[in-house]
Amino acid sequence: MTIIVNNTEIEQLEQFSDKTQTLIQFLNQGVHSTDALIQQNEVLNFTSEAQFVEQLYLGLMNSTILYLHQIPLSVDIKKLLELSTNDLRDLATFSNRDSETDKARLASILAKYRLVDSAILNKIALFYRRYNLNYHTLGWGASFRDQLTLYSIICYCEQAYVLSNQTVLPACQWATQKAQSLSEFAHYFCIYLAWKKNQRGESGTPDLLIETLAPVVNNTLDSPVVTFELQAIDLHNAIKQWHEGGNNLGFSSFSAGLLNIVLNIDLHTDDLVKAAHEYLSTLQTTLINTLASDSYVCQAGLYRHYLFNLPNSEALLNVDSQGCLSLFNHWPNAA
């Protein structure tokens, strides 16, 4: 008895593709465990090599996120499966070398696949240290996805706003009160900075802003269901069909929706709700008339992102493992 992959019996490791063999070798005890599975009496059926290697990771680590300590890099197996066989092999090879040429090649691979290594992700710790912030409990149990979201928000805010202790400290305090996860904290932190930049007078909080826009966001959370991987034209048709049914493409979460609206409307307007609806209508029309320019799996492995290069902004759509298509980020280009 042995492993069955796509109706093919696996009797030895070498039957797997080069990419799958490399992924197995990345994993501590991966080769020995695979050999043991091949020799056992129970028959294990898998629809693909990708499914097998993902289940192998789960069985050995209770997680699909691997830490490549030589680079160092945390990355989900679904993301590693997106790499070409040559790039994956180079990732394993060049991570163990110290020459400038090898370092440059490694940096090129990380950039090509939008991977953030641990040294770059350390920006979060440096941010907390710079402003003497307490590392609140939201961060203790935060997922890798949440950490990547906070990293992206910090990068955006550093470009879009003039940060100082006078703005960062109250923004963090307010965001901590509002948030129940690190991703929500990141979104509310940026909302506060956007509100502060457009604030009239010296008093008040952005609570009224949130209260006003909340019904709009709550009515824009429904999303269509699609397949995980789509060609640009198929994604276009799915969005168009959803819109023709009288629906706006839903936000990936309440706090993400709030942030998208706040960043894209004039907060000085007398009618925030009207401005929000006009923004959503314009965005839907723009998405219908634009094809996605890129598609890639996020580093945490939970979503496939579809990138839209729009006038003066980028929009990032998510498709999760259940096929739910939603609007993740739509932030104006930071000037």
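The values are calculated or read from the model by the stated rules, or taken from the named source; none is laboratory data. Because the structure is predicted, anything quoted here is derived from the model rather than measured. All Cβ positions, even for glycine, are placed from backbone atoms using ideal geometry, and neighbour counts span all protein chains on display. Please note that ligands, DNA and RNA were not included when accessible areas were found on the heavy atoms of the full protein model with its side chains. Shrake-Rupley method; radii C 1.70, N 1.55, O 1.52, S 1.80 Å.
Residue-wise test of (1) open to solvent by 40 Å² or more (accessible area, probe 1.4 Å); (2) in contact with a strand residue (DSSP E or B) (Cβ under 8 Å, 6 or more places away or on another chain); (3) assigned to a helix (DSSP H, G or I).
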{"site": "233", "(1), (2), (3)": "yes, no, yes"}
{"site": "238", "(1), (2), (3)": "no, yes, yes"}
{"site": "279", "(1), (2), (3)": "no, no, yes"}
{"site": "282", "(1), (2), (3)": "yes, no, yes"}
{"site": "306", "(1), (2), (3)": "no, yes, no"}
{"site": "309", "(1), (2), (3)": "yes, no, no"}
{"site": "319", "(1), (2), (3)": "no, yes, no"}
{"site": "326", "(1), (2), (3)": "no, yes, no"}
{"site": "330", "(1), (2), (3)": "no, yes, no"}
| query | Name the pairs whose Cβ atoms lie under 7 Å apart, with the first residue in the range 237-253 and closer than 9 Å to residue 224 by Cα, the second in a helix (DSSP H, G or I), and 6 or more positions between them or separate chains? | reply | 239/287; 239/288; 249/239; 249/242; 249/284; 249/287
| If you check every pair at least six apart or on different chains, which have Cβ atoms under 8 Å apart with a residue in the range 114-143 that is closer than 22 Å to residue 70 by Cβ first and a residue that is in a loop (DSSP other than H, G, I, E, B) and of a type in the set (A, V, I, L, M, F, W, C) second? | 117/71; 118/71
| task | Look at residue 62 and say whether it is at positive phi and open to solvent by 40 Å² or more (accessible area, probe 1.4 Å). | result | yes
| query | If you go through the range 110-133 one residue at a time, how many are in contact with a strand residue (DSSP E or B) (Cβ under 7 Å, 6 or more places away or on another chain) and over 30 Å from residue 83 (Cα atoms)? | reply | 0
| task | Hey, can you tell me all the residues within the range 20-41 that are closer than 15 Å to residue 93 by Cα and either in contact with a Cys (Cβ under 8 Å, 6 or more places away or on another chain) or touching a residue at least 40 places away in the same chain (Cβ under 8 Å) (or both)? | result | 22, 23, 25, 26
| task | Looking at (1) of a type in the set (A, V, I, L, M, F, W, C); (2) open to solvent by 40 Å² or more (accessible area, probe 1.4 Å); (3) assigned to a helix (DSSP H, G or I); (4) touching a residue at least 60 places away in the same chain (Cβ under 8 Å), find the lone condition where residue 169 falls short. | result | (4)
| query | Are any of the residues in the range 192-200 of a type in the set (S, T, N, Q), surrounded by fewer than 21 Cβ atoms within 10 Å (Cβ to Cβ) and not in a loop (DSSP other than H, G, I, E, B)? | reply | no
| remark: For the range 208-229 the number of residues that are modelled with pLDDT of 95 or more and either charged (D, E, K, R) or on the phi > 0 side of the Ramachandran plot (or both) is 1
| task | Within the range 284-304, track down each residue that is aliphatic (A, V, I, L, M) and buried (at least 21 other Cβ atoms within 10 Å of the Cβ). | result | 287, 292, 297
| query | Got a number for residues in the range 66-94 being open to solvent by less than 40 Å² (accessible area, probe 1.4 Å), in contact with a strand residue (DSSP E or B) (Cβ under 6 Å, 6 or more places away or on another chain) and either in a helix (DSSP H, G or I) or among the hydroxyl-bearing types (Ser, Thr, Tyr) (or both)? | reply | 2
| task | Check 119, 92, 125, 111 and return the single one that is over 23 Å from residue 153 (Cβ atoms) and out of contact with any Gly (no Cβ under 6 Å at 6 or more places or on another chain). | result | 92
| request: Six or more apart or on different chains, Cβ under 8 Å: which pairs go from a residue in the range 49-69 that's over 17 Å from residue 3 (Cα atoms) and at pLDDT below 90 to one that's open to solvent by less than 60 Å² (accessible area, probe 1.4 Å) and not β-branched (Val, Ile, Thr)? Could you list them? | output: 68/26; 68/74; 68/91; 68/95
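Identify, from the list 106, 138, the residue that is out of contact with any Asp or Glu (no Cβ under 6 Å at 6 or more places or on another chain), crowded, with 20+ Cβ neighbours inside 10 Å and modelled with pLDDT under 95.
Working: 138 fails: crowded, with 20+ Cβ neighbours inside 10 Å.
Among 106, 138, only 106 is out of contact with any Asp or Glu (no Cβ under 6 Å at 6 or more places or on another chain), crowded, with 20+ Cβ neighbours inside 10 Å and modelled with pLDDT under 95.
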| query | In the range 246-264, which residues are surrounded by fewer than 22 Cβ atoms within 10 Å (Cβ to Cβ) and polar (S, T, N, Q)? | reply | 247, 248, 253, 264
| Only one of 243, 268 that is part of a loop (DSSP other than H, G, I, E, B) and open to solvent by 40 Å² or more (accessible area, probe 1.4 Å) | 268
| Which one is nearest to the chain's Cα centre (by Cα), of the residues in the range 1-44 that are farther than 23 Å from residue 84 by Cα and part of a helix (DSSP H, G or I)? | 33
